[in-house]
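The structure appears right after this line, and notes come after that.
The values are calculated or read from the model by the stated rules, or taken from the named source; none is laboratory data. Remember, it's a predicted structure, so these values are computed and weren't measured experimentally. Methodologically, a virtual Cβ is constructed for each residue, glycine included, from the backbone with ideal geometry; neighbour enumeration extends over all protein chains shown.
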Amino acid sequence: MTTDAEAFAWFFAAEYPRVVRSLSHLVRREDAEDVAQEAFARLHQHWAKVSHYDQPEAWVRRIRRTPASGRRCGRCRPASAPSSSSTTTRTARWRMPRGSWG
């Protein structure tokens, strides 16, 4: 029988890379690692309860959003930078109310 510490270690080893990878689409890699570490630190505090959930990884996915949202302001990198000014113009037009494009 595994202990809570062993179970958490196995869960962390399996899920941490996935969490970092998914967060890397939202923030820089370094920030993704920080947010993932924060989420897993919170998970560790609640592991005795969360470990009995059907899908404890869902708890981590939900928790990671809270710290990630704070990292998006000013520290976020765009997922894909516009390749030309026409793309920027097209995006700006998409955000403008219809009829104000001229």
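At a glance:
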quantity	calculated
Enumeration of residues in the range 1-55 that are surrounded by 13 or more Cβ atoms within 10 Å (Cβ to Cβ), more than 16 Å from the chain's Cα centre (by Cα) and in contact (Cβ under 8 Å) with a residue 40 or more places away in the chain	Ala7, Phe8, Phe11, Trp47, Ser51
Flag if Tyr53 is hydroxyl-bearing (Ser, Thr, Tyr), modelled with pLDDT of 90 or more and part of a loop (DSSP other than H, G, I, E, B)	yes
